[in-house]
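Working notes, structure below.
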Amino acid sequence: MIIVFELALTCYFISTILGVLELVRGTKATSRGMMIFAVSGFTLHTVAVFMRFIEGGHMPVTNLHEAASFFAWSVVLVFFIIEIKYRVGLLGAFILPVAFILMLSSSILPREINPLSPVLQNYWLWIHTLLAFTGDAAFAVACCVGVMYLIQEHFVKAKKLGGLFHRLPSLRVLDEVNYRLITIGFPLLTLAILTGAVWAQSVWGTFWRWDPKEVWSLITWFFYALILHARIAVGWHGKRSAILSIAGFIAVLFTFFGVNILLKTIHEFK
C-alpha cells in the first residue's frame, strides 16, 4: 500500500513538472506527458485509497493523512470530469500542483490506521464526507480557473497577445467554467452541512453544536452564497467572480486544515 501511494505521489510530481513546462513552453509532448502521468497517478492513487479502505475496514478519511490524500484524489477526479466536459486548455498545469501539494502534505503526516470511534461507525460517514470532499474539490478547481482568468485578463489588458495568451481559454469560457464549478460545489456543500446536522442529531441529540468546524463550514457556505448572489442579482462576474472564487478556496483550506491544526474541534482527526 505504501509503495502504491509513493508511486502515485511520484506520478503527480512528474505531471506537475510537466505542467510547469507546459506553461513555459507548451508542446504536444509536455501536454500528453502531463496527462499520462496524471492518469497514472490517479489510477495508482485510487488503488492506494481502496487498499487502505480494505485494510482499515472504513472510509479512509478519519485522520489528516487520509483526509489530505482523499482531498487530492477528489480534486483530480473533478479535474478529469471538467477536462472531459469543457476541455479547458492548460487547466491541468494549474490544478495538478494543488493535488501534488495535498498529496505531499499527506505523505509527511502519520499514516497509522486507528480504530474507528463509535461516533464514526455510521453510514453518514460515507454520505457526509463524500458530499463535503466533492464540493471542496469543485471549489479547488474553481480557484485554479479563477487564477487562469486573472492571468488571461492581464494579457488582454497589457495587450500581450502572444505565447501563453493563445494557449489559455478565452475569458468568457473561463468565467463560465468558474461559475459552473461554484454551482456544483455550493449544493454539495449545502448537503454536506445538512447531512452533518442530521448525523449530529442522531449521535448527540442536537443538530448544531457551534463547533469551530461547523462554524467555519457555515462561514464558507455564506461566502459562496454571497458569490452566487453577487453574480445572479448584482451582475458580478469576470474578474470579481475569479477573485472571490480564490478567496473562497482559502476559506475552504482553513476549514479543512486550519481548524484542525489551530482550533479545538470535535471533528478532530485522530
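State whether the residues of the range 194-205 include one that is under 26 Å from residue 70 (Cβ atoms), at pLDDT 90 or above and of a type in the set (Gly, Ala, Ser).
yes
Here are some conditions: (1) open to solvent by less than 30 Å² (accessible area, probe 1.4 Å); (2) modelled with pLDDT of 95 or more. Residue 186 meets all but one. Which one does it not meet?
Result: residue 186 fails condition (1) only.
Can you say whether residue 43 is surrounded by fewer than 17 Cβ atoms within 10 Å (Cβ to Cβ) and at pLDDT 90 or above, as far as the supplied structure shows?
Yes.
Looking at residue 202, is it under 25 Å from residue 83 (Cα atoms), over 21 Å from the mean Cα position of the chain (by Cα) and surrounded by fewer than 15 Cβ atoms within 10 Å (Cβ to Cβ)?
no
Being under 16 Å from residue 139 (Cβ atoms) and either buried (at least 17 other Cβ atoms within 10 Å of the Cβ) or of a type in the set (A, V, I, L, M) (or both): is that true of residue 263 here?
no
Consider residue 16 carefully, then state whether it is in a helix (DSSP H, G or I) and open to solvent by 20 Å² or more (accessible area, probe 1.4 Å).
So residue 16 fails the test.
Counting only residues that are in contact (Cβ under 8 Å) with a residue 12 or more places away in the chain and aliphatic (A, V, I, L, M), which one in the range 205-225 is surrounded by the most Cβ atoms within 10 Å (Cβ to Cβ)?
Filtering first and then ranking leaves 218.
Go through (1) touching a residue at least 60 places away in the same chain (Cβ under 8 Å); (2) crowded, with 17+ Cβ neighbours inside 10 Å and name the single condition residue 255 misses.
(1)
So residue 160 fits all but one of (1) out of contact with any Ser or Thr (no Cβ under 7 Å at 6 or more places or on another chain); (2) in a helix (DSSP H, G or I); (3) farther than 28 Å from residue 99 by Cβ; what number is the exception?
Result: residue 160 passes all but (2).
Can you tell me which of (1) farther than 24 Å from residue 77 by Cβ; (2) under 20 Å from the mean Cα position of the chain (by Cα); (3) open to solvent by less than 50 Å² (accessible area, probe 1.4 Å) is the one residue 152 doesn't meet?
(2)
Output the residues belonging to the range 234-258 that are assigned to a helix (DSSP H, G or I) and at pLDDT below 90.
234, 256, 257, 258
With out of contact with any Phe, Trp or Tyr (no Cβ under 6 Å at 6 or more places or on another chain), over 30 Å from residue 126 (Cα atoms) and either modelled with pLDDT of 90 or more or of a type outside the set (D, E, K, R) (or both) as the only criterion, which of 1, 34 stands out?
The conditions single out 34.
Anything in the range 83-104 that is open to solvent by 10 Å² or more (accessible area, probe 1.4 Å) and either in contact (Cβ under 8 Å) with a residue 60 or more places away in the chain or among the basic types (Lys, Arg) (or both)? List them, or say none.
If the condition is that a residue be open to solvent by 10 Å² or more (accessible area, probe 1.4 Å) and either in contact (Cβ under 8 Å) with a residue 60 or more places away in the chain or among the basic types (Lys, Arg) (or both), then 85, 86, 87, 89, 90, 94, 97, 100, 104 are the ones that fit.
Residue under question is residue 179, and the condition is that it be in contact with an Asp or Glu (Cβ under 8 Å, 6 or more places away or on another chain), in a helix (DSSP H, G or I) and either closer than 14 Å to residue 243 by Cα or in contact (Cβ under 8 Å) with a residue 60 or more places away in the chain (or both); does it hold?
So residue 179 does not fit the description; no.
Looking at (1) of a type in the set (D, E, K, R); (2) within 15 Å of the chain's Cα centre (by Cα); (3) more than 20 Å from residue 6 (Cβ to Cβ), can you tell me which one residue 32 breaks?
Condition not satisfied by residue 32: (2).
Quick test for you: out of 10, 30, pick the one residue that is open to solvent by 60 Å² or more (accessible area, probe 1.4 Å), on the phi < 0 side of the Ramachandran plot and not acidic (Asp, Glu).
10 is the lone residue from the list that is open to solvent by 60 Å² or more (accessible area, probe 1.4 Å), on the phi < 0 side of the Ramachandran plot and not acidic (Asp, Glu).
The values are calculated or read from the model by the stated rules, or taken from the named source; none is laboratory data. Since the model is a prediction, treat every value here as computed from it, not as a measurement. Here Cβ is always computed from backbone atoms with ideal geometry, including for glycine, and neighbour counts include all displayed protein chains. Note: areas computed on protein heavy atoms with side chains; ligands, DNA, RNA excluded. Shrake-Rupley method; radii C 1.70, N 1.55, O 1.52, S 1.80 Å.
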